[in-house]
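K.L.:
The structure is given below, and queries will be raised subsequently.
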Amino acid sequence: MQPISLPSEYGIGTLGKKCFEFIDFLHEAKQKLWQIFPLGPTGFGDSPYQCFSAFAGNPYLIDLEKLVENGLLTYDDIQPMRTNDLVIDYGKLYNVKNPILMKAYDKKEILEKEFDKFKQENAEWLDNYALFIAVKNYFNGASWDIWPDNELRLAHKRAKDKYAKKLEKEVDVQKFIQFLFFKQWNDVKKYANSKGIEIIGDIPIFVSFDSADAWSNPEIFLFDKDRKPVCVAGVPPDYFSATGQLWGNPLYDWKKLKRTGYKWWKDRIKANLKLCDIIRIDHFRGFRAYWQIPYGEETAINGKWVEGPGIDLFKSIEEEYPNLKIIAEDLGNLEEEDIKLVEETGYPGMKILQFAFDDDPDNVYLPHNYTTTNCVVYTGTHDNDTTQGWYNSLNEYERGLVRDYTDSASDDGMCWRLIRLAHRSVAKYSIIPIQDYLCYGSDTRMNVPGVGSGNWQFKLREGVLTHELAGAIGHITEIYGR
């Protein structure tokens with residue numbers, strides 16, 4: 001569950017009181033893990049997998065009431081954000097919350113010493129990110145590849161220095177907003193860890209084209225001399241889409257990255273280790289081979305597989321950061337070499353129960369076929385329908401397969417039967433979306449892959465995380481020794 005889904009009177013879940021109450025709920029429910037999505041600043045489409053930075057935090061997650069407590073804002077300042085909306089309205093957040101956060105900067109002297117330290121410690125990514133957002137705002141949100149100043153678009157130092165001076169306050173405001181995010185997140189993580197809960201973070205394999213990373217580090221991407229992508233990322237036709245998924249992310253120049261000792265990737269890992277205890281790497285198979293689509297294609301069909309860095313990248317990372325806890329998102333149509341890479345790293349892969357019931361007793365997602373404990377089982381992920389929604393969508397024959405496997409006489413209580421099935425498997429970790437514990441339907445689904453709008457809007461209502469629910473979760477957690 002992403003913090004954005006926490007109950008809130010201010011439009012979106014934040015890192016405030018409700019977040020700490022959720023950690024208390026997890027502790028009461030005897031949970032040891034909380035998995036989240038990437039925490040970066042979201043752009044067009046509101047996806048945490050398409051962020052303006054691989055290093056920055058999402059300003060929307062900053063809790064406004066905490067800023068009132070810090071003396072940076074007043075309750076009158078934050079009243080425009082109050083709402084009874086049952087889903088997240090990103091348009092309102094952009095138009096109303098951003099100006100409120102900027103207003104907090106006017107009293108930055110209250111936290112000036114801490115702020116100065118933050119700027120010094122994070123300058124390597126923060127300077128480029130803050131300038132990127134300030135310039136982006138100056139040019140009315142335009143993507144960096146169409147900024148009217150060509151030298152700035154090409155990230156020439158002279159142009160960057162010119163705009164850093166011209167937009168000096170705006171740049172510092174963006175740095176302050178990042179300081180507020182990390183100050184609040186660090187408190188959340190510290191509290192979770194004090195309750196015996198580890199946080200599983202998430203690293204998308206690729207970055208967004210319209211990001212500070214692509215703009216300020218063009219040398220590590222496959223761009224032409226005008227900084228246009230030569231080719232872009234996606235996946236071929238699969239379970240989710242008949243035409244594949246055209247993500248549009250720029251692709252890495254792995255040869256150049258290798259010559260630097262994979263420095264940018266190591267910096268990314270280091271940054272995420274400050275945010276979480278365990279890292280899930282999205283689209284792990286892309287490190288063995290990735291789907292390369294010519295720039296300008298309208299679908300992902302006309303792509304081709306290209307060899308990635310493979311084990312060499314992870315050996316290099318492990319040399320610098322030994323004993324990393326990483327989960328490999330290894331879903332999709334895997335080839336033998338993909339499976340070999342996951343095994344070679346030693347990272348646990350993923351098992352999805354919603355993929356298990358196709359009338360094949362040898363299906364690798366059926367728990368009796370788990371050949372190792374070194375895996376992570378899910379009822380479903382953020383890219384799937386909720387388990388109740390998925391089950392409702394099955395035909396009678398398919399539901400019969402699920403009932404038969406779970407030894408169920410009826411459809412009643414199927415969510416919890418599947419949760420129990422996950423928990424009693426041999427998998428090292430068992431992770432359940434909060435919607436499935438609540439037996440919610442398709443209307444609370446978090447994301448539909450390949451659909452550009454209407455995602456990432458799910459919010460919990462006040463009062464649904466009850467002591468009774470915590471007790472029920474805790475009970476089955478203890479039964480299966482989780």
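The values are calculated or read from the model by the stated rules, or taken from the named source; none is laboratory data. Computed from a prediction, not measured in an experiment: that's the story for all the values here. Cβ: placed from backbone, ideal geometry, glycine included. Neighbour counts: every protein chain shown. Areas reflect the complete protein model, heavy atoms only, side chains present, ligands, DNA and RNA absent. Shrake-Rupley method; radii C 1.70, N 1.55, O 1.52, S 1.80 Å.
K.L.:
Please verify whether the range 262-272 includes one or more residues that are more than 28 Å from Leu33 (Cβ to Cβ), open to solvent by 50 Å² or more (accessible area, probe 1.4 Å), in contact (Cβ under 8 Å) with a residue 12 or more places away in the chain and part of a helix (DSSP H, G or I).
P.N.:
Checked against the condition, which is being more than 28 Å from Leu33 (Cβ to Cβ), open to solvent by 50 Å² or more (accessible area, probe 1.4 Å), in contact (Cβ under 8 Å) with a residue 12 or more places away in the chain and part of a helix (DSSP H, G or I), the range 262-272 yields no hits at all.
Rundown of residues vs (1) assigned to a helix (DSSP H, G or I); (2) surrounded by 19 or more Cβ atoms within 10 Å (Cβ to Cβ); (3) touching a residue at least 24 places away in the same chain (Cβ under 8 Å), yes/no style:
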position: Gly71; (1), (2), (3): no, no, yes
position: Asp77; (1), (2), (3): yes, no, yes
position: Lys103; (1), (2), (3): yes, no, yes
position: Lys107; (1), (2), (3): yes, no, yes
position: Gln120; (1), (2), (3): yes, no, no
position: Leu131; (1), (2), (3): yes, yes, yes
position: Asn137; (1), (2), (3): yes, no, yes
position: Glu151; (1), (2), (3): yes, no, no
position: Lys162; (1), (2), (3): yes, no, no
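K.L.:
Now, a different point. If you scan the range 189-209, which residues turn out to be at negative phi and more than 17 Å from the chain's Cα centre (by Cα)?
P.N.:
Once the filter is applied, which keeps residues that are at negative phi and more than 17 Å from the chain's Cα centre (by Cα), the range 189-209 yields Lys190, Tyr191, Ala192, Asn193, Ser194, Lys195, Ile197.
K.L.:
Evaluate the range 269-288: report whether one residue or more is aromatic (Phe, Trp, Tyr) and over 20 Å from Pro237 (Cα atoms). First the steps, then the outcome.
P.N.:
Start the filter on the range 269-288 by keeping residues that are aromatic (Phe, Trp, Tyr), which leaves 284, 287.
Narrowing further to those that are over 20 Å from Pro237 (Cα atoms): none.
No, because not a single residue in the range 269-288 is aromatic (Phe, Trp, Tyr) and over 20 Å from Pro237 (Cα atoms).
K.L.:
When only residues in the range 277-306 that are assigned to a strand (DSSP E or B), among the β-branched types (Val, Ile, Thr) and farther than 20 Å from Tyr321 by Cβ count, which is most open to solvent (accessible area, probe 1.4 Å)?
P.N.:
Looking at residues that are assigned to a strand (DSSP E or B), among the β-branched types (Val, Ile, Thr) and farther than 20 Å from Tyr321 by Cβ, I get Val306.
K.L.:
Only one residue in Ala356, Ala328 is open to solvent by less than 10 Å² (accessible area, probe 1.4 Å) and over 18 Å from Ile432 (Cβ atoms). Which one?
P.N.:
Ala328
K.L.:
Go through the range 190-209 and give me each residue that's aliphatic (A, V, I, L, M) and within 12 Å of Gln50 (Cβ to Cβ).
P.N.:
Val207
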